[in-house]
Amino acid sequence: MRTPTRRTVLGAALAAAGTGLLAACSADPMKGMDHRGAAPTTPGGFVAPGGPEVAAAEARRTPGPERKVALTATETTLDLGGRTVRSWAYGDRLPGQEVRATVGETLAVSLANHLPQPTSLHWHGLALRNDMDGVPGVTQAAVKAGASFDYRFALAHPGTYWFHPHSGVQQDRGLYAPLIVEDPKEPLRYDKEWVVVLDDWLDGIDGSTPDAVLAELAQGMGGMDHSATDRPTTGHSTMDHSTMGHDMSGMPGMAGGGTPSGAAGPSRMLMGARSALLGGDAGDVGHPFHLVNGRLATAPETFTAKPGDRVRIRLINAGGDTAYRVALGGHELTVTHTDGFPVEQATTQALLLGMGERYDVLVTVKDGVFPLTALAEGKNATALALLRTGGGAVPDASVRPAELDGRLLGAAQLKADPGVRLPAKAPDRTVTLELTGGMAKADWAFNGRTYDPAQRHPVAAGERVRLEFRNSTSMWHPVHLHGHTFALAGDGPRKDTAIVLPGATLAVDFDADNPGLWMVHCHNVYHAETGMMTVLGYRA
């Protein structure tokens, strides 16, 4: 019999900027999505987020009894474990209070916005009704400061999910929390459960904010080659915000000269982060801290169990710019799910999670004290939590268990459980999305076009759609599809977020069974906010 242990699991990044540099390009980095509250517009010929097709799809999900939740997004003081910071969060918790419901229920969430900027809630990984997806300017108007919004939708699939804003770089503050949808017919058997949220953190550290970091990154790197193997290895750039070359006075928190007003902090532009697993360049941002469940490695959360217990660990990467390689010292992990959907079980010593990805694993725990270590891939830093089942010394904060360098499974090596495999079918439509741009000009984009909320890649209800991601950039990107799960090739796992390595092509298939306007974007929040986002639109 399992006894779920509800944990605060969100270590978070909620940023101040609601305006967003969503379509940053060398000509006009401020062109793009308006996060300040504009209502969405639907060009003719496409299903509207609140249209009858969306209502009919929701009715087919047979909404059940309500599970009511009240959330307040607010500025607050957070304790990271001996280090306090001012940030934004849901209530005063980091991570935010876990939401747990049962498949078939209707989730009814009231969001009160006590922030100084507009915000929203995106339900990452859920196949839900389009007008509840939480994308300002596409599926809803942003929730203005001092206002509230009621989200209400049926929960169609069990699994490990999470929620966060889709407004600027707010995700890289403390605004996110896990959403666990339980299955009343759960086939797995386990004694305890541990929800683990990984996060990279910079908000409030030495005056840093995600908005100031975005402003710095939006300058680009001039003539520097971000992909070169001899790229500088210094932790910070020497760029001056005053040389940005575009007026940022319209951004909240920005002074007229383009320098972040109030707290700007040191440069956080990261250079020299390399990872063979990620195909070279590991990331753009030097987050000073890495957290497990909102705690620093020097003050880790401790999870307790008895030797021999079978424990389910739900892993969520809520980071802004960091992939994590995760291992539990002294143990092997049995992978059971990825992105909420079951896989044919496989054992491994380590897992790599891109931003937005989730993995569920089972582990039979030994006797002692063991480190659950999340290595910030390519960044020479770790996050830590502890598993205690008996006596023993507490591992040092810098511990790196041997399993981190052991056998590693990736999504491409997993197979979907037969019960969730897509039936074999040739695609009716292929949408090719070339990942373009780079740090030199901060012009991340799809098909060379930075984000324009009016652009639609058309699909039709009932089609088998193939998304072909061709990465022509020098960096890896975790690509995320809203409102659907896709299948990796060859009976591969069902996922909503997948890593595309530099120079690689990833083809995934999904069935167009959830009408509306759906985002596709890189889940590196800084890449997305400088242009690597687009929209799939169902034809009316």
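The values are calculated or read from the model by the stated rules, or taken from the named source; none is laboratory data. As the structure is a computational prediction, the values presented were derived from the model and not from experiment. All Cβ positions, even for glycine, are placed from backbone atoms using ideal geometry, and neighbour counts span all protein chains on display. What goes into the accessible areas is simple: the full protein's heavy atoms, side chains included, and nothing from ligands, DNA or RNA. Shrake-Rupley method; radii C 1.70, N 1.55, O 1.52, S 1.80 Å.
What are the aspartates and glutamates whose alpha-carbon lies under 19 Å from the alpha-carbon of Lys425, with same-chain residues fewer than 8 places away excluded? Partners within reach: Asp417, Glu463, Glu468, Asp491, Asp509, Asp511, Asp513.
Highest mean first, what order results for 213-221, 448-456 on Cβ atoms within 10 Å? Walk me through the intermediate numbers first.
Values: 213-221: 25.2, 448-456: 18.1.
So the order, starting with the most tightly packed, is 213-221, 448-456.
With every protein chain left in place, what is the accessible area per residue of region 309-454 in square angstrom, probe 1.4 Å?
Numbers: 4920 Å² over 146 residues.
Spelled out: the 1.4 Å probe surface of region 309-454, per residue, equals 34 Å².
Here's the picture: charge each Lys and Arg Cβ at +1 and each Asp and Glu Cβ at -1 in region 290-376, and of Leu315, Gly329, Val361 the one pushed furthest to the positive end of that dipole is Gly329.
Any idea of the accessible area per residue across region 83-150, 1.4 Å probe, to the nearest Å²? Before the final figure, lay out each step's value.
Working: 1930 Å² over 68 residues.
Value for region 83-150: 28 Å² per residue.
For region 368-485, the alpha-carbon coordinates run over 59, 45, 24 Å along the three principal axes, in decreasing order.
Give me the Å³ per residue figure for the convex hull around the C-alpha atoms of region 279-330.
Values: hull volume 6.9 nm³, N = 52.
Roughly 133 Å³ of hull volume per residue.
As a rough guide to protection, the peptides 366-374, 286-294, 396-404 ranked by mean Cβ packing within 10 Å, highest first, stand as 286-294, 366-374, 396-404. Could you point to the residue in Met533, Gln455, Gly503 farthest towards the positive end of region 406-540's charge dipole, with +1 and -1 charges on the Cβ of Lys/Arg and Asp/Glu respectively? Positive-end residue among those listed: Gly503.
Here the Karplus curve 6.51 cos²θ - 1.76 cosθ + 1.60, taken at θ = phi - 60°, turns the phi angles of region 432-441 into couplings of 9, 10, 8, 7, 10, x, x, 6, 4, 10 Hz, with x standing for Gly and Pro.
Here the dipole of region 432-540 is about 120 debye; that uses its Cα centre as origin and unit charges on the Cβ of Lys and Arg (positive) and Asp and Glu (negative). Of the peptides 509-516, 121-128, 63-70, the order by per-residue mean of other Cβ atoms within 10 Å, starting with the highest, comes out as 121-128, 509-516, 63-70.
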